[in-house]
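As structure tokens, the structure follows; a few thoughts come after it.
The values are calculated or read from the model by the stated rules, or taken from the named source; none is laboratory data. Being a predicted model, the structure only gives us computed values, none of them experimental. Reconstructed Cβ throughout: ideal geometry from the backbone, glycine too, with neighbour counts over all protein chains shown.
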Amino acid sequence: MAVTDSMQKKILMGIIAVLVIIGGIYFVGNTNKGSQLSSDGSAEYKQGVALSNEGKFKEALEQYEKSAERGNMPAAYMAGMYLTHGRAGIEKDITKGLSYLKKVADAGGKNAAYALGKAYMDPLKGVKRDYATGIKYIKMSAEKGHGTAMYVLGIYYEIGKGVEKDKQQAIEWLDKAAKTSKVSSIRTKAAARADRLRSAQ
């Protein structure tokens, strides 16, 4: 059977396709070879946790930041806390730390929202007090179920810190904290405070 020009063309195209596939596999393999990076930052985050457990906080921060650059929210939270509160061998960078916390809080992180809110309500050194921003994030955290944020928000409504005094709102948030907080001391204090406010009505 004679091989026509059309058949030769199909065979040639098939060979080219195979070579492209093989070349692509080779390229991807060599690009990733020896790389310790993960697309979602999970590997760097785990390494950061391990280093932190060993007390190597500076090295841990480096891994957390690498992970955060890849969109890993737990890593961004840890980087934010390290930079705002400091750890052995780490120089504080409040602006950068708050930026990390805001990123996580705006993505729905209740722990980051609480930390960010407190940073503005009871300002860290170098942070200008900002009740509007502070209350915004404390409320955000409380509404997502953060027990301590519920307790703190209840107190703020009781004493009028950053919000107008509202005894009923205070009782409601304190009751929620008393029922849902994972910290036993917060549950106890919230319940006692709510009962005291009720008895004073």
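Among the residues of the stretch 162-176, is there at least one that is over 26 Å from the mean Cα position of the chain (by Cα), among the acidic types (Asp, Glu), surrounded by fewer than 14 Cβ atoms within 10 Å (Cβ to Cβ) and outside the structural domain of Lys102 (by TED's automatic domain parsing)? Yes, there is a match, as at least one residue in the stretch 162-176 is over 26 Å from the mean Cα position of the chain (by Cα), among the acidic types (Asp, Glu), surrounded by fewer than 14 Cβ atoms within 10 Å (Cβ to Cβ) and outside the structural domain of Lys102 (by TED's automatic domain parsing). So which residues in the stretch 142-199 are without any contact (Cβ under 8 Å) to a residue 12 or more places away in the chain and outside any helix (DSSP H, G or I), if there are any at all? Result: Gly160, Glu164, Lys165, Asp166.
Per the listing Ile186, Ile90, the residue uniquely within 30 Å of Ala68 (Cα to Cα) and either at pLDDT below 95 or in contact with a helix residue (DSSP H, G or I) (Cβ under 7 Å, 6 or more places away or on another chain) (or both) is Ile90. Apart from one condition, Asn111 fits all of (1) surrounded by fewer than 24 Cβ atoms within 10 Å (Cβ to Cβ); (2) over 30 Å from Ala192 (Cα atoms); the exception is (2).
Would you point out which residue out of Met78, Met121 is within 25 Å of Gln47 (Cα to Cα), of a type outside the set (Asp, Glu) and buried (at least 16 other Cβ atoms within 10 Å of the Cβ)?
Numbers: Met121 fails: within 25 Å of Gln47 (Cα to Cα).
Only one candidate qualifies: Met78.
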